[in-house]
Protein chains: 2
Amino acid sequence: MYEDLKYWYLRDHKLFRTLSFGQIRQLCIITGFKKAKKGEIIYFSSSDLPRIFLLKKGNIKIVAVDEDGNETIKDIIQKGDLFGELTLEADSQSNEYAKVLSNDVAICSFLMSDFEDLLLRNPSLALSYTKFVGLKMKRIKNSYSNLISKDAKTRLFQFLKDWAEKEGKKIEDKVVIENYLTQNDIAQIICTSRQTATQLLNEMETNGTIIYSRKEIIIRDISKL
Amino acid sequence: MYEDLKYWYLRDHKLFRTLSFGQIRQLCIITGFKKAKKGEIIYFSSSDLPRIFLLKKGNIKIVAVDEDGNETIKDIIQKGDLFGELTLEADSQSNEYAKVLSNDVAICSFLMSDFEDLLLRNPSLALSYTKFVGLKMKRIKNSYSNLISKDAKTRLFQFLKDWAEKEGKKIEDKVVIENYLTQNDIAQIICTSRQTATQLLNEMETNGTIIYSRKEIIIRDISKL
DNA sequence: AATGATTTGTCGGCTATGTTACAGTTCTAG
DNA sequence: CTAGAACTGTAACATAGCCGACAAATCATT
């Protein structure tokens, strides 16, 4: 029964959909299944054995701390996303951890080495996984080049657009996003100061392009972003 | 004989070193083997069939053009590097091309689909390749976060340091780099205006940290960068 | 050797954005 | 219900680095 649970938790992910029950049993080791609450911190890069994680429920942010102690948001992970040592290469020096944003999350994980074995036995999965990593790379490239070449306003617009696309719910002609980020979070994601983010958001609100509150963000007309 | 040539040209790359002669024959299709001269432009994203390229000799830059016609340097490719559709996913919209920087280059290429077949038959190669793509991703992340969080001067320093490490020749306690980039190129790589790059380089020269000419750059004391 | 093209050098004004600083608002935990 | 913490709002000021403009130097081609 517990075995079955594990099975479904992985099967769920599109990457693993092609695998048989038996094959997933090979990856028998969802050694970790964890729940956590808002604000909790989950260390993963420095964990004993390198792992790959799968977020089953909720939202987390990946935060990196540099030498000077500055925090930067590396990524926002949503339900269904993989995170951790996706490159299959343990990286001791990257000083990253995950912080829970939503009220509670559920995470499962498996050992990198076990995953490698599975890939070796399933070339087509290996290929899919490579493409998956590649896609991730492309996304990163894209968002970074936005960060570099556009000004803060454009970056905010782009961010909201992406967010709406990923998680927004269309209600009539508006898009409603559940807002689990603080303005500071948003600022960090689009790489600007909190103040500028605040200003821009307020500006958009007075313009009537969005309705902002701590609970949700409503975008009037997504095509105008 | 010609077959043998192809073989060696691939065998050369560390990724393919583990493959047998026969396996490389499977990838029998180094359909392209091309030479080009300085300034030439090589289109690859829009090429008929998606390919993966291997630069055998020389240096090229990967340039992307955005909607407004602005050119940005995406990458500098050196002898031995792979480039092209590394993610194994044809990408029609990325408007990229390669421009030859050194006096002449030699490039060989093979079809993405053939490469995929090879990966399917060689799980361990697939794994290596995944790690290779992963590594590339990590590098990109790294350099981008430099671009974002550091100022132009630090970026230039970092760039010179990397360049020296990759290509510099140690002569006594100095490092000499063959300079095939214009100041404009450098500016684009570190994402600043040409003027600022010029200013910073001159500043470094008067400081005595580097000796700059169009042919070569000499770094006095690399540890001081 | 000459001419045009490319690359480099330099300057002053301008703008977006970070910084510092503080006040008001909303949430949270006891 | 209340105090403290965490967020949000606003403003003045400083500045890195972009941009336009143009001159000087170097390279490439005939």
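List of remarks:
- Buried accessible area, chains B and A (both chains, 1.4 Å probe, Å² to nearest 100): 2900 Å²
- Once all protein chains are placed together, residue A:33 keeps about 80 Å² accessible to a 1.4 angstrom probe.
- Shape category assigned to the range A:150-224 from the gyration tensor of Cα positions, a/c cut at 1.5: prolate
- Amide H partners (placed H, <5 Å) of residue B:81, local residues excluded: B:55
- R0 of 35 Å, Cβ-Cβ distance residue A:90-residue B:91: FRET efficiency to nearest 0.05: 0.75
- Chain B: relative contact order as a whole-number percent, Cα under 8 Å and 6+ apart: 18 percent
- Over the range A:143-203, relative contact order from alpha-carbon pairs under 8 Å, at least 6 apart, %: 30 percent
- Between 0 and 90°, nearest 10: helix B:2-11 axis offset from chain B longest Cα axis: 50 degrees
- Counting Cβ atoms of other protein chains within 10 Å of each residue's Cβ and taking the mean over peptide B:115-127 gives 4.
- Cα-centre dipole for the protein assembly as shown with unit charges at Cβ (Lys and Arg positive, Asp and Glu negative), debye to 20: 360 debye
- Chain-alone versus full-assembly comparison, the range A:139-166, residues with accessible loss of at least 40 Å² (1.4 Å probe): A:140, A:141, A:144, A:148
- Calculated label separations, residue A:68, copies of the chain, 7 Å along the beta-carbon direction, nm: 2.8
- With every protein chain in place, chain A: carbon and sulfur % of accessible area (1.4 Å): 49 percent
- Estimated vicinal HN-Hα couplings, Hz - the range A:193-206 in sequence order (Karplus 6.51, -1.76, 1.60; Gly, Pro = x): 7, 4, 4, 4, 4, 3, 4, 5, 4, 4, 4, 5, 5, 5
- When the square roots of the Cα gyration tensor eigenvalues are ordered a ≥ b ≥ c, the ratio a/c for the protein assembly as shown is 1.5 or more and a/b does not exceed b/c, which makes its shape oblate.
- Among B:201-213, A:92-104, the peptide with the highest mean count of other Cβ atoms within 10 Å heads the list, and the full ranking is A:92-104, B:201-213.
- Label-point distances for residue A:206 to the equivalent site in the other copies, using a point 7 angstrom along Cα→C-beta, read 4.4 nm when ranked shortest first.
- Charge dipole (the protein assembly as shown, unit charges on Cβ, about Cα centre) - positive-most of B:110, A:124, B:152: A:124
- Nm distances between copies for residue A:170, ranked from closest, using label points 7 Å along Cα→Cβ: 6.2
- With a threshold of 24 Å on the Cα-Cα distance, the over-threshold entries among B:56/B:150; B:61/B:136; B:57/B:136; A:131/B:57 are B:56/B:150; A:131/B:57.
- Mean-position separation - Cα centroids, the range B:144-168 and the range B:46-68, in angstrom: 23 Å
The values are calculated or read from the model by the stated rules, or taken from the named source; none is laboratory data. What you see is a predicted model; the values in this text were computed from it and never measured. Don't worry about glycine lacking a Cβ; one is built from the backbone with ideal geometry, like all the others, and counts go over all protein chains shown. The area values use the complete protein model at the heavy-atom level, side chains included, leaving out ligands, DNA and RNA. Shrake-Rupley method; radii C 1.70, N 1.55, O 1.52, S 1.80 Å.
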